[in-house]
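The values are calculated or read from the model by the stated rules, or taken from the named source; none is laboratory data. Quantities reported herein were computed from a predicted structural model and do not represent experimental measurements. Reconstructed Cβ throughout: ideal geometry from the backbone, glycine too, with neighbour counts over all protein chains shown.
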Amino acid sequence: MPRTWPRCLNGVVIAPSLLAADFGRLAEAVHALEGSGADRLHIDVMDGAFVPNFTFGTDTLRALRGETDLPFEVHLMVREPDQHLRTFAEAGADAMTVHWEACPHLHRTLVNIRALGCRAGGAINVSTPAQSLYDVLDVMDLALVMTVDPGFGGQALIPRALTKVAELRREIDAQGVAVELEVDGGVDAANAALCASAGATVMVAGSSVFRHPEGPAGGVRRLLEVAARDVTR
Ligand code: DX5
Ligand code: ZN
């Protein structure tokens with residue numbers, strides 16, 4: 001059964017990205033998030049084609065599903081994601097995010113994700129305009145704005161991408177839809193407040209959580225602290 005959890009439509013939650021964890025100790029990495037205030041686990045699936053890297057597959061999800069109660073938000077950075085939606089849903093995904101750039105019929109894909117009992121997310125790359133998502137916001141639960149070129153963790157946030165976050169914020173509010181707005185890539189304690197001010201409600205954070213000197217829980221706490229402080233919306 002899919003886990004249900006409250007949507008973050010105002011304020012800020014943190015979605016630690018497993019990409020920055022020690023791949024030899026993934027179970028320990030998710031255990032370290034227990035009680036940290038993390039809202040969900042962000043799992044980056046890469047196919048070596050849509051992005052130049054490989055990461056996790058359905059077996060990883062199945063193995064981790066027994067290790068944590070955190071909802072699994074699966075970010076599918078793959079070509080032709082439609083072929084894989086059912087297997088990821090069955091492996092334990094609670095939300096699946098697909099890229100506009102990989103989906104010729106994004107509306108249909110989002111509807112299909114919901115039909116599988118998952119939250120549906122639509123993502124746009126740095127060079128894709130915010131408007132690309134406007135006509136499908138009504139069938140989405142989550143809009144993801146890439147703030148780096150996808151494929152790797154540990155890159156610096158591209159500030160220009162935040163203007164798209166602000167544009168999407170205005171459109172989500174204008175349409176009155178219950179869509180979370182997520183930033184992904186290079187989010188850290190130095191820029192989390194900016195992301196929140198632009199209108200993001202979900203911060204994906206890999207390096208700034210898993211490489212935090214006080215450990216992953218310390219990283220989540222720090223981000224919550226700085227993001228909450230400057231939310232002006
Ligand atoms: C990048 C991934 C991100 C990545 C973020 O392609 O989509 O989720 O894990 O990692 P950091 O926070 O290190 O930029
Ligand atoms: Zn991601």
Scanning the stretch 129-162 residue by residue, the ones that are within 16 Å of ligand 1 (Cβ to nearest atom) and farther than 14 Å from residue 183 by Cα total 3
Applying the selection to the stretch 202-218, what residues are more than 16 Å from ligand 2 (Cβ to nearest atom) and buried (at least 19 other Cβ atoms within 10 Å of the Cβ)? 212, 216
Within the stretch 100-118, can one find any residue that is crowded, with 16+ Cβ neighbours inside 10 Å, within 14 Å of ligand 1 (Cβ to nearest atom) and either over 18 Å from the mean Cα position of the chain (by Cα) or under 26 Å from residue 208 (Cα atoms) (or both)? no
Got a sec? Which of 166, 161 is more than 16 Å from ligand 2 (Cβ to nearest atom) and small (Gly, Ala, Ser)? 166
Failed condition for residue 23, given (1) surrounded by 13 or more Cβ atoms within 10 Å (Cβ to Cβ); (2) within 16 Å of residue 211 (Cα to Cα), with all others met? (1)
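Suppose the filter is assigned to a helix (DSSP H, G or I), touching a Cys at 6+ places or on another chain (Cβ under 7 Å), among the β-branched types (Val, Ile, Thr) and at pLDDT 95 or above; does residue 109 pass it?
Working: assigned to a helix (DSSP H, G or I): yes; touching a Cys at 6+ places or on another chain (Cβ under 7 Å): yes; among the β-branched types (Val, Ile, Thr): yes; at pLDDT 95 or above: yes.
Criteria met by residue 109.
Tell me, please, whether a residue that is in a strand (DSSP E or B), at pLDDT 95 or above, farther than 29 Å from residue 167 by Cα and out of contact with any helix residue (DSSP H, G or I) (no Cβ under 7 Å at 6 or more places or on another chain) can be found in the stretch 121-134.
Taking the stretch 121-134 as the starting set, the residues that turn out to be in a strand (DSSP E or B) are 121-124.
Remaining after also requiring at pLDDT 95 or above: 121-124.
Okay, now just the ones that are also farther than 29 Å from residue 167 by Cα, so none.
Within the stretch 121-134, not a single residue is in a strand (DSSP E or B), at pLDDT 95 or above, farther than 29 Å from residue 167 by Cα and out of contact with any helix residue (DSSP H, G or I) (no Cβ under 7 Å at 6 or more places or on another chain).
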I'm checking my understanding of the structure. Among residues of the stretch 163-189 that are under 13 Å from the mean Cα position of the chain (by Cα) and acidic (Asp, Glu), which one is farthest from ligand 1 (Cβ to nearest atom)? 180
Residues of the stretch 23-77 classified as farther than 17 Å from residue 118 by Cβ and of a type in the set (D, E, K, R), total: 6
